[in-house]
Each structure stands twice: as structure tokens, then as C-alpha cells.
Amino acid sequence: MELLSSAWWSRVRRLYHVMIESEENSIDPDDGNSWVCSGCTLPIFSTPFQRSKENVKLLLHDQCASFPEKLMDHPLHPRQALQLVKNEDSSSSSTISCDKCSEKCGSMFYKCTDSDCDLRLDLLCSLPMIKILHRSHQHRLMVIRGSASFICGACGTQHQGLSARSYLCSDCDFWIHRDCATLPNAIKLLHPRHQHSLFLTYGYDRSSSSSSDSSSSSSKCAICGDALQSLGVYLCVKCGYYVHITCATSDPHSFQPVLIRDAKLADLLHLPMADERANIVQYMLENTRYSSRVCNACVEYISPPFYSCSKCRDFLLHSCCAHLPRKIHHPIHPQHTLFLFSKSQKSSLHLPGFNCSGCGHLCSGFGYSCETCSYFKVDVVCALMPPSITHESHGKTHILHMSRETYHSSYKGCSCCMLELNGIFYECSNCRQLKIHARCALLPATLTHFDQHPLKLTISTINDADADDSDAEHSEAEMRHICDVCEMNMDKRKWYYSCKQRDSSFHTNCIPFLNHMKFGYKVKYGVSVDVKFHDCPLFLVPEATLSGYHCHVCTMKFLEWMACAYECTKCNYRVHGHCAERPSEWMQRS
């Protein structure tokens with residue numbers, strides 16, 4: 001690449017900054033590999049793009065659609081301006097070659113304005129700052145033409161010598177070879193080694209495998225037996241079967257490309273749930289059912305058939321929860337085995353239960369704990385959440401993978417609630433636009449037991465730029481949009497429930513049925529305890545149901561937020577959860 005003047009580069013960088021847009025590319029990942037930008041002739045990949053209004057078959061990357069009409073003082077042709085030529089007749093444009101690289105130009109190229117000069121430059125030679133988004137990396141990648149020597153970040157192998165094209169992130173020194181950039185998103189191995197479809201993922205965490213037990217099968221390739229060192233792997237989301245990219249694709253006769261839409265996505269957990277009565281654990285282990293009472297293990301609604309204790313009428317278990325695995329390996333704590341427990345020490349709030357490391361909620365049900373790391377405990381739902389899911393709010397063929405990293409505070413947060421991403425959350429492996437807490441992904445699509453009309457989960461389509469619009473009419477309209485429960489303003493960037501028949505809207509955390517999966521506690525209410533300072537048993541209740549009353553221990557009022565309290569309905573005796581232990585010790589009744 002020729003040495004270009006710093007002044008010209010400065011103008012290009014300013015132009016590049018303007019061209020970048022925070023649009024979402026939700027097309028099928030298979031189409032992203034096969035669809036080509038008509039301007040620069042590069043694949044669309046995960047890059048935001050636009051369609052031509054005159055010809056919907058012509059696609060343009062966001063940058064290519066914003067190129068200037070003229071380029072002045074171009075280092076390759078400083079004497080005359082270069083004029084942008086737009087030729088939507090793809091058949092004729094394919095016959096025009098770039099005078100610098102000799103490759104075919106796309107439907108857009110630059111041409112000298114001097115009629116006596118026939119110089120033509122394709123977009124990549126005209127503005128070498130074109131960058132694309134690829135799902136293998138979080139930053140934009142620069143296109144590198146010609147020879148280069150590098151280790152591909154996808155397959156982990158050395159590439160050197162003449163290469164037609166490769167991609168580079170200049171900030172991270174991340175390289176990916178062109179062949180690896182266009183690998184099939186799903187394959188089927190043609191030998192009896194494994195029968196399920198394997199999905200290409202770039203989210204394999206090498207640090208987790210290095211700290212894991214060396215015998216862990218998830219840290220080794222199932223074909224060659226070597227450690228998984230590269231970022232990209234093919235995996236079976238159902239069996240946890242991992243294969244190196246090179247082991248899976250080096251022999252073209254050993255595998256068959258499969259479209260994601262045909263690769264048995266039915267094996268994944270599809271969210272959101274049908275409604276608020278759907279049993280999450282049973283949905284993940286078997287098939288979804290509807291419920292009324294609460295299971296002591298997963299603290300989810302329960303309906304027949306189920307197990308119950310002949311002596312303790314309140315102790316109920318789903319049939320699937322009665323046969324929970326005794327030990328598991330979890331993606332966010334892969335270095336140690338987790339063991340099932342049915343009882344836990346009291347939490348810091350002096351309530352029966354433990355704080356889940358996955359969702360941060362207080363849980364009074366069963367859980368899984370690490371015997372090596374005493375701090376790590378997850379409830380049954382978080383423990384059984386699969387490593388990969390799909391979600392109706394996003395591209396139907398976009399797979400969301402579980403992550404355990406905490407993003408910087410500068411990131412906008414969860415796409416549903418906009419809170420900080422921590423614990424368990426899912427991230428789109430294709431466009432990286434959707435990041436969502438596991439607890440938010442589990443919000444049901446419909447609520448049927450809260451209002452006389454079904455409430456639909458409304459997925460926000462408003463971005464930050466729309467929310468910051470200073471138009472007075474827009475702001476006034478937003479101010480009139482309030483929650484029917486708390487009568488506070490709705491932030492329509494967040495997901496919420498609505499009923500079009502009544503023109504009503506509700507915050508997700510204002511609906512009591514969602515307490516166990518959203519902002520409340522995963523606690524089985526109605527559990528009774530004996531205390532020495534009151535003759536009758538006290539029952540565990542949501543504090544919100546006692547709003548306006550005074551605690552008989554501290555005399556403070558109960559608040560309208562989702563905490564726990566104790567009540568004796570016979571004597572109208574009520575105490576805060578954290579006050580129940582102050583006068584005397586208490587114990588849970590068996």
C-alpha cells in the first residue's frame with residue numbers, strides 16, 4: 001500500500017467516523033456469508049447495510065452507501081478529482097476493472113473527471129479505510145489485500161505468502177483468513193462419530209479450559225484429542241461436542257455444509273416462554289406445561305402430575321425436579337463440578353435461602369454449589385440454562401451464546417432492562433447487537449392471569465438516538481405513556497407488557513406474577529416459621545402485600561418493593577423479614 005499523505009488520511013478518518021452507524025444486521029448468518037455488497041464486492045457478513053430503492057437486489061454496506069460524490073487530491077491521482085460512478089446494471093459493471101489492483105469493480109467506483117483520462121479505482125483502492133463487521137470479532141475489520149503472514153484468529157493456524165484477501169483489526173491485532181471468514185455456519189459430519197449438526201462459534205473461552213480439569217472433554221477436540229486453543233470451534237449445542245475448525249473441514253469429503261435454518265434449531269431452547277404459567281425447568285428438560293402451585297426445588301409454578309410429601313402438605317416437586325442430576329458442569333464455572341443441594345444457610349437478609357451467582361436473586365429452593373469455591377451457588381433454573389438459545393426478539397437463525405464476562409459500564413447494558421450485564425447473560429454470536437440477561441430472556445411472551453385481556457411482551461425498537469430526540473412533540477408523547485400500575489413514565493427503550501385493546505402498558509417489574517423470575521426473589525411464599533416472640537406460626541409473604549402496615553418489631557412501614565416479610569393472618573401480626581430474627585431465633589418448620 002502506497003504511503004498516503006497525513007492530511008488526506010485525516011479527512012478520510014473524519015469521513016469514516018461519520019459513516020459508522022449503530023444499525024442492526026439481523027439477516028440469516030448464511031445470507032451474510034453469501035450476500036455481497038454491490039459497491040465493494042465484499043460479503044455483507046454482520047455489517048449494517050442498505051438496500052437500493054431502485055433495485056432491492058443491490059445491497060450496500062453502511063459505509064459504501066455513504067461515500068462522497070467526489071474525492072479531491074487523492075494520493076493516487078492528485079491532479080484531477082475522482083467522481084463516484086453508480087452503475088446499478090450489475091452485468092455491465094462487472095466488466096470494468098480497477099486500474100490499481102486489476103480486480104473487477106462493483107456497481108460503484110471512482111473515475112477521473114478528465115475526459116482524456118480513463119482512470120478507474122474500485123472502492124477498496126479509493127478509500128482503503130473500508131471496514132466490515134464479522135461475527136468472529138467485536139470490532140470492525142480492515143480488508144488487507146496481497147501477501148501477509150499471520151495466525152488466523154478463527155482456526156489458529158499460520159497463514160503466510162500470497163493471500164487474495166484477509167481481514168485485520170488494527171486495535172487488537174486480530175486476523176482472520178478469507179476462507180475462515182466464509183466458513184459454513186453449520187455442518188454435518190459424514191462419519192458416525194457424531195450425528196447432530198455442529199454450529200460454528202467464535203465464543204470459545206480458552207481461559208476457562210486452561211483452568212479446567214485436564215480431563216474435561218469440553219477442553220479437547222473430539223476428533224484429534226488436542227486442546228482447543230483457537231477462538232473458533234464447531235460445537236454441538238445439545239451434547240457439548242467440540243471440534244477444531246481444521247479437524248472438521250480439512251477434508252471436504254468428511255463434512256456437509258448445512259443451512260442454520262435446517263440444522264435442527266429445534267434442539268435449542270426457544271424463548272420467550274408462552275406465558276407466565278409455563279414451567280421453565282420442565283420446558284428445558286422435557287416439554288412445557290402450565291401450573292398453579294410452586295415447586296420447592298425450582299420455585300416455579302407446578303401442576304399435576306407432581307410429587308408431594310405425605311407429612312408436609314406444602315412440599316411439592318415437579319417430576320423432573322425430583323430427578324435432577326446430582327452433579328453438573330456449568331459454562332460460567334467450568335473449572336469445577338457443581339453438586340446439587342436441597343437446603344442452604346440463611347442469607348444476609350436473615351431469610352431462608354441463598355444468593356444465586358447466576359441471576360443475583362435470593363432463592364429458597366434447591367441449587368447447585370461448588371465445593372471448592374464456597375461462594376459460587378446457582379439456583380436450579382440458572383444451573384440448567386443451556387449454553388445456546390434463540391429468541392423471538394432477534395433474528396430467527398441468530399444463535400445467542402451464554403457469556404460470563406462483565407462489560408464495561410460504558411456499554412448500554414441489557415437489551416431488555418438496560419441494567420449492567422453480569423452473572424449469566426446471552427449474546428448474539430452473529431451481529432453482537434443483542435445482549436440480554438438470562439432472567440430477561442425468560443420473560444413470557446404473553447401474560448394471561450394479570451389482566452382481563454392478555455398482555456403481550458413488547459420488544460423495544462427505540463435506540464438511544466431516538467430517546468435523545470429533542471423534538472417537543474415526541475417528548476410530550478413519551479411523557480403521556482405511563483405504567484398502569486405505578487403511574488410512572490415508561491422508558492420505551494426497555495421491554496414492557498402492553499394491551500392494545502385497552503391501550504395500557506406495564507413495567508415488567510410491576511407485575512406480581514413475574515417476581516420469581518425478574519426483580520423479586522425466587523422464594524416460595526407461604527412457608528411457615530416458629531418464633532418465640534409470637535404464639536402462632538408466621539407465614540412468608542411478599543412485603544408489597546403489606547404496604548401501608550407497620551412492622552410490630554421496628555414499627556416502620558412496609559414498602560411497596562419486592563422484599564419478603566412474615567405475617568400471622570389470625571392475629572394480624574406482621575414483621576419485616578430482617579426483623580424476624582431480632583427478638584429471638586427462628587427456625588423453619590419441617
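Remarks
- In the range 374-397, the qualifying residues are those that are modelled with pLDDT of 90 or more and among the charged types (D, E, K, R), and the one that is farthest from ASP30 (Cα to Cα) is LYS377.
- Qualifying residue in the range 160-170 (condition: touching a strand residue (DSSP E or B) at 6+ places or on another chain (Cβ under 9 Å) and buried (at least 23 other Cβ atoms within 10 Å of the Cβ)): yes
- Just so you know, in the range 398-422 the residues that are at pLDDT 80 or above and not hydrophobic (A, V, I, L, M, F, W, C) include one that is surrounded by the most Cβ atoms within 10 Å (Cβ to Cβ), and it is SER415.
- In the range 206-234, the residues that are under 22 Å from the mean Cα position of the chain (by Cα) and at pLDDT 85 or above: GLY232, VAL233, TYR234
- GLN50 vs. criteria in a strand (DSSP E or B), modelled with pLDDT under 85 and not hydroxyl-bearing (Ser, Thr, Tyr): yes
- Output for the range 39-50, where each listed residue is farther than 18 Å from CYS180 by Cβ and in contact with a strand residue (DSSP E or B) (Cβ under 6 Å, 6 or more places away or on another chain): GLY39, PHE49, GLN50
- Screening the candidates ALA148, ALA154 for the property of being open to solvent by 10 Å² or more (accessible area, probe 1.4 Å), in contact (Cβ under 8 Å) with a residue 24 or more places away in the chain and part of a loop (DSSP other than H, G, I, E, B) yields one hit, ALA148.
- Candidates in the range 333-372 are the residues that are closer than 22 Å to TYR566 by Cα, surrounded by 19 or more Cβ atoms within 10 Å (Cβ to Cβ) and aliphatic (A, V, I, L, M); of these, the one that is modelled with the highest pLDDT is LEU362.
- Scanning the range 114-133 for residues that are of a type outside the set (D, E, K, R), open to solvent by 10 Å² or more (accessible area, probe 1.4 Å) and either at pLDDT 85 or above or closer than 18 Å to ALA65 by Cα (or both) yields a count of 7.
- MET72 meets the conditions (1) open to solvent by less than 40 Å² (accessible area, probe 1.4 Å); (2) over 30 Å from the mean Cα position of the chain (by Cα); (3) aliphatic (A, V, I, L, M); (4) at pLDDT 85 or above in every case but one. The failed one is (1).
- Residues of the range 141-180 that are among the polar types (S, T, N, Q) and either under 25 Å from the mean Cα position of the chain (by Cα) or closer than 24 Å to ALA248 by Cβ (or both): THR157, GLN158, GLN160, SER163, SER166.
The values are calculated or read from the model by the stated rules, or taken from the named source; none is laboratory data. In this text, all values refer to a predicted model and were calculated from it rather than measured experimentally. No Cβ is skipped: glycine too gets one built from the backbone with ideal geometry, and neighbour counts run over all protein chains shown. Ligands, DNA and RNA are excluded from the accessible area calculation, which covers all protein heavy atoms including side chains. Shrake-Rupley method; radii C 1.70, N 1.55, O 1.52, S 1.80 Å.
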